[in-house]
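Shown next, in C-alpha coordinates, is the structure this report addresses.
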Amino acid sequence: AKVAGRGGYRFYVEEMTAAAQEKLRLRGRLAGALERGEFRLHYQPQVDLRTGRVLGAEALVRWPQPGGGWITPDQFIPVAEESGMILPLGEWVLREACRQFARWRERGDPDWTLAVNVSVRQWEAPHFLAQVTEVLRETGLPPARLILEVTESALLHDPEGTQGLARELADLGVRVALDDFGTGCSSLGQLQRLTIGQLKLDRSFVGPLSGWPRDQAIARTVVTLGHWLSVPTVGEGIETAEQLGVLRDLDCEVGQGFLLGSPLPPEEFESRYLHPGGG
Ligand code: C2E
Ligand code: CA
Ligand code: CA
Ligand code: CA
(Lines give C-alpha, C1' and ligand atoms only; values in the text may rest on other atoms or scores of the structure.)
(Ligands and ions follow the chains in the order given, each with its own letter.)
Protein backbone atom coordinates (compact mmCIF):
# COMPACT_ATOMS: atom_id res chain seq x y z
CA ALA A 1 0.00 0.00 0.00
CA LYS A 2 1.11 3.56 -0.72
CA VAL A 3 2.09 5.63 2.29
CA ALA A 4 0.00 8.81 2.49
CA GLY A 5 0.40 11.36 5.27
CA ARG A 6 1.20 10.74 8.92
CA GLY A 7 -1.77 8.58 9.72
CA GLY A 8 -0.95 6.47 6.70
CA TYR A 9 2.63 6.05 7.84
CA ARG A 10 1.61 4.94 11.31
CA PHE A 11 -0.82 2.49 9.77
CA TYR A 12 2.00 1.10 7.65
CA VAL A 13 4.23 0.61 10.70
CA GLU A 14 1.47 -1.14 12.59
CA GLU A 15 0.90 -3.38 9.60
CA MET A 16 4.60 -4.31 9.56
CA THR A 17 4.51 -5.13 13.24
CA ALA A 18 1.48 -7.31 12.77
CA ALA A 19 3.25 -9.08 9.90
CA ALA A 20 6.34 -9.62 12.06
CA GLN A 21 4.21 -10.99 14.90
CA GLU A 22 2.37 -13.24 12.51
CA LYS A 23 5.70 -14.56 11.24
CA LEU A 24 6.86 -15.29 14.77
CA ARG A 25 3.64 -17.16 15.50
CA LEU A 26 4.01 -19.12 12.28
CA ARG A 27 7.55 -20.04 13.21
CA GLY A 28 6.40 -21.45 16.53
CA ARG A 29 3.63 -23.52 14.98
CA LEU A 30 5.88 -24.74 12.18
CA ALA A 31 8.40 -26.12 14.64
CA GLY A 32 6.25 -29.06 15.73
CA ALA A 33 4.14 -29.47 12.59
CA LEU A 34 6.40 -32.07 10.98
CA GLU A 35 6.43 -34.28 14.10
CA ARG A 36 2.67 -33.93 14.28
CA GLY A 37 2.43 -35.16 10.70
CA GLU A 38 0.56 -32.07 9.52
CA PHE A 39 2.03 -31.70 6.03
CA ARG A 40 0.58 -33.20 2.87
CA LEU A 41 1.78 -33.36 -0.71
CA HIS A 42 -0.29 -32.49 -3.74
CA TYR A 43 0.72 -33.43 -7.26
CA GLN A 44 0.34 -31.31 -10.38
CA PRO A 45 0.59 -33.01 -13.79
CA GLN A 46 3.25 -32.03 -16.29
CA VAL A 47 2.07 -32.53 -19.83
CA ASP A 48 3.84 -33.15 -23.14
CA LEU A 49 2.66 -30.19 -25.22
CA ARG A 50 2.98 -32.08 -28.49
CA THR A 51 1.03 -35.20 -27.56
CA GLY A 52 -1.00 -34.11 -24.51
CA ARG A 53 0.37 -37.08 -22.60
CA VAL A 54 1.03 -36.77 -18.85
CA LEU A 55 4.78 -37.04 -18.29
CA GLY A 56 4.70 -36.95 -14.52
CA ALA A 57 4.02 -34.48 -11.74
CA GLU A 58 5.48 -31.83 -9.49
CA ALA A 59 5.09 -32.44 -5.76
CA LEU A 60 3.83 -29.36 -3.89
CA VAL A 61 3.71 -29.23 -0.12
CA ARG A 62 0.47 -28.33 1.68
CA TRP A 63 -0.17 -27.39 5.29
CA PRO A 64 -3.86 -27.83 6.08
CA GLN A 65 -5.18 -26.02 9.14
CA PRO A 66 -7.40 -27.48 11.86
CA GLY A 67 -10.29 -25.06 11.21
CA GLY A 68 -10.23 -25.83 7.47
CA GLY A 69 -8.27 -23.96 4.84
CA TRP A 70 -4.49 -23.93 4.67
CA ILE A 71 -1.40 -21.80 4.94
CA THR A 72 0.21 -21.48 1.51
CA PRO A 73 3.82 -22.54 0.87
CA ASP A 74 4.60 -18.97 -0.21
CA GLN A 75 3.80 -18.01 3.39
CA PHE A 76 5.51 -20.79 5.35
CA ILE A 77 8.43 -21.89 3.14
CA PRO A 78 10.31 -18.58 3.65
CA VAL A 79 9.75 -18.87 7.42
CA ALA A 80 10.96 -22.49 7.36
CA GLU A 81 14.02 -21.39 5.41
CA GLU A 82 14.82 -18.71 7.97
CA SER A 83 14.46 -21.06 10.92
CA GLY A 84 16.33 -23.94 9.27
CA MET A 85 13.21 -26.11 9.57
CA ILE A 86 13.27 -26.40 5.77
CA LEU A 87 15.98 -29.05 6.13
CA PRO A 88 13.84 -31.70 7.87
CA LEU A 89 10.74 -30.56 5.98
CA GLY A 90 12.53 -30.77 2.63
CA GLU A 91 13.83 -34.21 3.48
CA TRP A 92 10.31 -35.35 4.37
CA VAL A 93 8.98 -33.97 1.06
CA LEU A 94 11.69 -35.77 -0.94
CA ARG A 95 11.17 -39.11 0.82
CA GLU A 96 7.37 -38.97 0.81
CA ALA A 97 7.20 -37.98 -2.89
CA CYS A 98 9.71 -40.64 -3.96
CA ARG A 99 7.83 -43.26 -1.96
CA GLN A 100 4.55 -42.24 -3.60
CA PHE A 101 6.04 -42.34 -7.08
CA ALA A 102 7.76 -45.67 -6.55
CA ARG A 103 4.32 -47.05 -5.62
CA TRP A 104 2.59 -45.44 -8.62
CA ARG A 105 5.29 -46.73 -10.97
CA GLU A 106 4.32 -50.29 -10.17
CA ARG A 107 0.75 -49.69 -11.29
CA GLY A 108 0.98 -46.82 -13.71
CA ASP A 109 3.35 -45.50 -16.30
CA PRO A 110 6.91 -46.52 -15.38
CA ASP A 111 8.31 -43.56 -17.31
CA TRP A 112 6.60 -40.92 -15.19
CA THR A 113 8.92 -38.35 -13.72
CA LEU A 114 8.63 -36.79 -10.29
CA ALA A 115 9.68 -33.17 -9.79
CA VAL A 116 10.55 -32.11 -6.24
CA ASN A 117 11.28 -28.54 -5.11
CA VAL A 118 14.55 -28.08 -3.31
CA SER A 119 15.26 -24.93 -1.34
CA VAL A 120 18.67 -23.26 -1.57
CA ARG A 121 19.27 -24.17 2.08
CA GLN A 122 18.87 -27.88 1.26
CA TRP A 123 20.84 -27.56 -1.94
CA GLU A 124 23.79 -26.08 -0.07
CA ALA A 125 23.70 -28.54 2.84
CA PRO A 126 26.83 -30.72 2.73
CA HIS A 127 24.90 -33.99 3.02
CA PHE A 128 22.36 -33.27 0.28
CA LEU A 129 23.82 -35.60 -2.36
CA ALA A 130 24.08 -38.42 0.18
CA GLN A 131 20.49 -37.79 1.23
CA VAL A 132 19.18 -38.02 -2.34
CA THR A 133 21.17 -41.21 -2.92
CA GLU A 134 19.82 -42.72 0.30
CA VAL A 135 16.19 -41.79 -0.40
CA LEU A 136 16.35 -43.29 -3.91
CA ARG A 137 17.87 -46.50 -2.58
CA GLU A 138 15.34 -46.70 0.23
CA THR A 139 12.27 -46.05 -1.92
CA GLY A 140 13.43 -47.88 -5.05
CA LEU A 141 12.63 -44.96 -7.35
CA PRO A 142 15.07 -45.05 -10.29
CA PRO A 143 17.26 -41.91 -10.34
CA ALA A 144 16.24 -41.14 -13.93
CA ARG A 145 12.66 -40.65 -12.72
CA LEU A 146 13.58 -37.84 -10.33
CA ILE A 147 13.92 -34.16 -11.22
CA LEU A 148 15.08 -31.72 -8.57
CA GLU A 149 13.79 -28.18 -9.04
CA VAL A 150 16.12 -25.55 -7.72
CA THR A 151 15.56 -21.85 -8.26
CA GLU A 152 17.84 -19.77 -10.35
CA SER A 153 18.91 -17.89 -7.22
CA ALA A 154 20.88 -20.96 -6.03
CA LEU A 155 22.95 -20.72 -9.15
CA LEU A 156 23.59 -17.04 -8.49
CA HIS A 157 24.41 -17.66 -4.85
CA ASP A 158 27.16 -20.22 -5.39
CA PRO A 159 27.83 -20.88 -9.08
CA GLU A 160 30.73 -23.29 -8.58
CA GLY A 161 29.12 -25.31 -5.81
CA THR A 162 25.97 -25.53 -7.91
CA GLN A 163 27.88 -26.68 -10.96
CA GLY A 164 29.67 -29.38 -8.95
CA LEU A 165 26.51 -30.68 -7.31
CA ALA A 166 24.55 -30.63 -10.57
CA ARG A 167 27.29 -32.70 -12.20
CA GLU A 168 27.32 -35.22 -9.34
CA LEU A 169 23.54 -35.52 -9.47
CA ALA A 170 23.75 -36.04 -13.24
CA ASP A 171 26.31 -38.81 -12.66
CA LEU A 172 23.78 -40.40 -10.35
CA GLY A 173 21.16 -40.08 -13.12
CA VAL A 174 19.08 -37.38 -11.42
CA ARG A 175 18.12 -34.30 -13.41
CA VAL A 176 18.12 -30.73 -12.18
CA ALA A 177 15.56 -28.19 -13.35
CA LEU A 178 16.09 -24.46 -13.02
CA ASP A 179 12.85 -23.24 -11.46
CA ASP A 180 11.32 -19.79 -11.99
CA PHE A 181 13.74 -19.38 -14.86
CA GLY A 182 14.05 -15.89 -16.25
CA THR A 183 13.37 -14.12 -12.96
CA GLY A 184 16.89 -14.24 -11.55
CA CYS A 185 18.89 -13.25 -14.62
CA SER A 186 21.71 -15.80 -14.30
CA SER A 187 24.66 -15.02 -16.44
CA LEU A 188 24.49 -17.01 -19.64
CA GLY A 189 28.10 -18.08 -19.10
CA GLN A 190 27.17 -19.77 -15.82
CA LEU A 191 24.27 -21.48 -17.48
CA GLN A 192 26.50 -22.86 -20.20
CA ARG A 193 28.73 -24.56 -17.61
CA LEU A 194 25.81 -26.06 -15.71
CA THR A 195 24.76 -29.69 -16.17
CA ILE A 196 21.08 -28.98 -16.34
CA GLY A 197 18.13 -31.15 -17.29
CA GLN A 198 15.27 -28.68 -17.65
CA LEU A 199 14.35 -25.02 -17.69
CA LYS A 200 11.10 -23.98 -16.03
CA LEU A 201 9.83 -20.81 -17.63
CA ASP A 202 8.38 -18.73 -14.79
CA ARG A 203 4.67 -18.13 -14.92
CA SER A 204 5.17 -14.36 -14.89
CA PHE A 205 6.29 -14.77 -18.53
CA VAL A 206 3.49 -17.18 -19.39
CA GLY A 207 0.71 -14.97 -17.99
CA PRO A 208 1.05 -12.17 -20.56
CA LEU A 209 1.50 -14.47 -23.58
CA SER A 210 -0.50 -13.28 -26.56
CA GLY A 211 -0.14 -13.17 -30.32
CA TRP A 212 2.01 -10.04 -30.02
CA PRO A 213 5.76 -10.65 -30.50
CA ARG A 214 6.62 -8.35 -27.61
CA ASP A 215 4.54 -10.42 -25.16
CA GLN A 216 6.40 -13.52 -26.31
CA ALA A 217 9.93 -12.12 -26.08
CA ILE A 218 11.10 -13.81 -22.86
CA ALA A 219 9.22 -17.08 -23.44
CA ARG A 220 10.64 -17.35 -26.94
CA THR A 221 14.16 -16.60 -25.71
CA VAL A 222 14.04 -19.17 -22.89
CA VAL A 223 12.58 -21.91 -25.10
CA THR A 224 15.21 -21.19 -27.77
CA LEU A 225 17.94 -21.23 -25.14
CA GLY A 226 16.65 -24.62 -24.01
CA HIS A 227 16.81 -25.88 -27.58
CA TRP A 228 20.42 -24.74 -27.93
CA LEU A 229 21.32 -26.34 -24.59
CA SER A 230 19.38 -29.49 -25.60
CA VAL A 231 17.13 -29.35 -22.54
CA PRO A 232 13.33 -29.22 -22.55
CA THR A 233 11.51 -26.16 -21.24
CA VAL A 234 8.47 -26.45 -18.97
CA GLY A 235 6.01 -23.58 -19.33
CA GLU A 236 4.54 -22.89 -15.88
CA GLY A 237 1.18 -21.43 -14.93
CA ILE A 238 -0.72 -22.12 -18.16
CA GLU A 239 -4.27 -20.95 -17.54
CA THR A 240 -5.69 -20.13 -20.98
CA ALA A 241 -5.95 -21.78 -24.37
CA GLU A 242 -4.18 -18.76 -25.85
CA GLN A 243 -1.13 -19.21 -23.60
CA LEU A 244 -1.11 -22.90 -24.43
CA GLY A 245 -1.30 -22.17 -28.14
CA VAL A 246 1.58 -19.70 -28.06
CA LEU A 247 3.80 -22.09 -26.08
CA ARG A 248 3.03 -24.87 -28.54
CA ASP A 249 3.89 -22.57 -31.44
CA LEU A 250 7.19 -21.73 -29.74
CA ASP A 251 7.97 -25.49 -29.49
CA CYS A 252 7.97 -25.42 -25.71
CA GLU A 253 8.16 -29.11 -24.82
CA VAL A 254 6.28 -29.41 -21.52
CA GLY A 255 3.43 -27.54 -19.87
CA GLN A 256 2.03 -27.17 -16.38
CA GLY A 257 -0.89 -25.09 -15.17
CA PHE A 258 -4.51 -24.99 -14.06
CA LEU A 259 -5.67 -25.41 -17.68
CA LEU A 260 -3.82 -28.74 -17.96
CA GLY A 261 -4.46 -29.88 -14.39
CA SER A 262 -4.42 -28.43 -10.87
CA PRO A 263 -2.37 -29.84 -8.01
CA LEU A 264 -4.35 -32.73 -6.46
CA PRO A 265 -4.09 -34.86 -3.33
CA PRO A 266 -2.59 -38.29 -4.10
CA GLU A 267 -5.92 -40.17 -4.11
CA GLU A 268 -7.43 -37.78 -6.64
CA PHE A 269 -4.29 -37.65 -8.76
CA GLU A 270 -4.34 -41.42 -8.81
CA SER A 271 -7.97 -41.79 -9.81
CA ARG A 272 -7.66 -39.13 -12.49
CA TYR A 273 -4.35 -40.08 -14.08
CA LEU A 274 -3.59 -43.67 -13.07
CA HIS A 275 -7.02 -45.08 -13.68
CA PRO A 276 -8.52 -42.64 -16.16
CA GLY A 277 -12.18 -43.35 -16.69
CA GLY A 278 -12.45 -44.96 -13.25
CA GLY A 279 -11.69 -48.49 -12.17
P1 C2E B 1 6.72 -23.18 -7.78
O2 C2E B 1 7.76 -24.22 -7.54
O3 C2E B 1 6.94 -22.21 -8.87
O4 C2E B 1 5.37 -24.01 -7.97
C5 C2E B 1 4.34 -23.64 -8.84
C6 C2E B 1 3.24 -22.90 -8.11
O7 C2E B 1 2.33 -22.41 -9.06
C8 C2E B 1 2.44 -23.78 -7.18
O9 C2E B 1 2.01 -22.96 -6.10
C10 C2E B 1 1.24 -24.17 -8.04
O11 C2E B 1 0.11 -24.55 -7.30
C12 C2E B 1 1.02 -22.88 -8.76
N13 C2E B 1 0.33 -23.05 -10.04
C14 C2E B 1 0.28 -24.14 -10.82
N15 C2E B 1 -0.42 -23.90 -11.95
C16 C2E B 1 -0.80 -22.62 -11.88
C17 C2E B 1 -1.58 -21.77 -12.75
O18 C2E B 1 -2.03 -22.16 -13.82
N19 C2E B 1 -1.78 -20.49 -12.33
C20 C2E B 1 -1.28 -20.02 -11.16
N21 C2E B 1 -1.55 -18.76 -10.84
N22 C2E B 1 -0.56 -20.79 -10.31
C23 C2E B 1 -0.33 -22.07 -10.67
P24 C2E B 1 2.12 -23.45 -4.59
O25 C2E B 1 1.84 -24.91 -4.49
O26 C2E B 1 1.30 -22.52 -3.79
O27 C2E B 1 3.65 -23.26 -4.28
C28 C2E B 1 4.23 -22.00 -4.29
C29 C2E B 1 5.72 -22.09 -4.18
O30 C2E B 1 6.11 -22.66 -2.93
C31 C2E B 1 6.35 -23.01 -5.23
O32 C2E B 1 6.48 -22.32 -6.43
C33 C2E B 1 7.66 -23.34 -4.58
O34 C2E B 1 8.59 -22.29 -4.77
C35 C2E B 1 7.28 -23.40 -3.12
N36 C2E B 1 7.06 -24.81 -2.74
C37 C2E B 1 5.97 -25.59 -2.86
N38 C2E B 1 6.19 -26.83 -2.39
C39 C2E B 1 7.49 -26.85 -1.99
C40 C2E B 1 8.35 -27.84 -1.41
O41 C2E B 1 7.96 -29.02 -1.19
N42 C2E B 1 9.62 -27.46 -1.09
C43 C2E B 1 10.07 -26.18 -1.32
N44 C2E B 1 11.36 -25.88 -1.00
N45 C2E B 1 9.30 -25.24 -1.88
C46 C2E B 1 8.03 -25.55 -2.20
CA1 CA C 1 8.78 -25.70 -8.71
CA1 CA D 1 8.29 -22.22 -10.61
CA1 CA E 1 7.85 -19.79 -7.53
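You will find that of Gly184, Gly189, Gly161, the residue that is within 13 Å of ligand 3 (Cβ to nearest atom) and at pLDDT below 95 is Gly184 and no other.
Taking residues in region 60-74 that are closer than 17 Å to Tyr43 by Cβ and within 16 Å of ligand 2 (Cβ to nearest atom), and partners anywhere that are assigned to a strand (DSSP E or B) and of a type in the set (D, E, K, R), the pairs with Cβ atoms closer than 6 Å and at least 6 places apart or on different chains are Arg62/Arg40. Annotation note: of Gln46, Gln100, the sole residue that is surrounded by 15 or more Cβ atoms within 10 Å (Cβ to Cβ), within 16 Å of ligand 4 (Cβ to nearest atom), within 18 Å of Leu141 (Cβ to Cβ) and at pLDDT 90 or above is Gln46.
If you check Gly255, Gly261, Gly245, which single one turns out to be more than 15 Å from His42 (Cα to Cα), buried (at least 19 other Cβ atoms within 10 Å of the Cβ) and at pLDDT 95 or above? Full working, then the answer.
Numbers: Gly261 fails: more than 15 Å from His42 (Cα to Cα); Gly245 fails: buried (at least 19 other Cβ atoms within 10 Å of the Cβ).
Sole residue among the options that is more than 15 Å from His42 (Cα to Cα), buried (at least 19 other Cβ atoms within 10 Å of the Cβ) and at pLDDT 95 or above: Gly255.
The sole residue among Leu87, Leu148, Leu141 that is within 16 Å of ligand 4 (Cβ to nearest atom), at pLDDT 95 or above and either more than 19 Å from Leu34 (Cβ to Cβ) or not acidic (Asp, Glu) (or both) is Leu148.
From the list Asp215, Asp179, which one is in contact with a Lys or Arg (Cβ under 6 Å, 6 or more places away or on another chain) and at pLDDT below 95?
Values: Asp215 fails: in contact with a Lys or Arg (Cβ under 6 Å, 6 or more places away or on another chain).
Answer to the selection: Asp179.
Determine which member of the set Glu267, Glu242 is within 14 Å of ligand 1 (Cβ to nearest atom) and of a type in the set (D, E, K, R). Being within 14 Å of ligand 1 (Cβ to nearest atom) and of a type in the set (D, E, K, R) holds for just one of Glu267, Glu242, which is Glu242. If only one of Ser230, Ser210 is surrounded by fewer than 20 Cβ atoms within 10 Å (Cβ to Cβ) and either of a type in the set (Asp, Glu) or without any contact (Cβ under 8 Å) to a residue 12 or more places away in the chain (or both), which one is it? Being surrounded by fewer than 20 Cβ atoms within 10 Å (Cβ to Cβ) and either of a type in the set (Asp, Glu) or without any contact (Cβ under 8 Å) to a residue 12 or more places away in the chain (or both) holds for just one of Ser230, Ser210, which is Ser230.
For region 63-77, name all the residues that are within 16 Å of ligand 3 (Cβ to nearest atom) and either aromatic (Phe, Trp, Tyr) or within 22 Å of Gly255 (Cβ to Cβ) (or both).
Of region 63-77, the ones within 16 Å of ligand 3 (Cβ to nearest atom) are 72-74, 77.
Matches in region 63-77: Pro73, Asp74.
Using the structure shown, decide if Leu114 is within 16 Å of ligand 3 (Cβ to nearest atom) and in contact (Cβ under 8 Å) with a residue 24 or more places away in the chain. Explain how you work it out, then say what you get.
Details: within 16 Å of ligand 3 (Cβ to nearest atom): yes; in contact (Cβ under 8 Å) with a residue 24 or more places away in the chain: yes.
In short, yes.
The values are calculated or read from the model by the stated rules, or taken from the named source; none is laboratory data. Just so you know, these numbers come straight off a predicted model, no measurement behind them. Because the Cβ atoms are built from the backbone with ideal geometry, glycine has one as well, and the counts that use them run over all protein chains shown.
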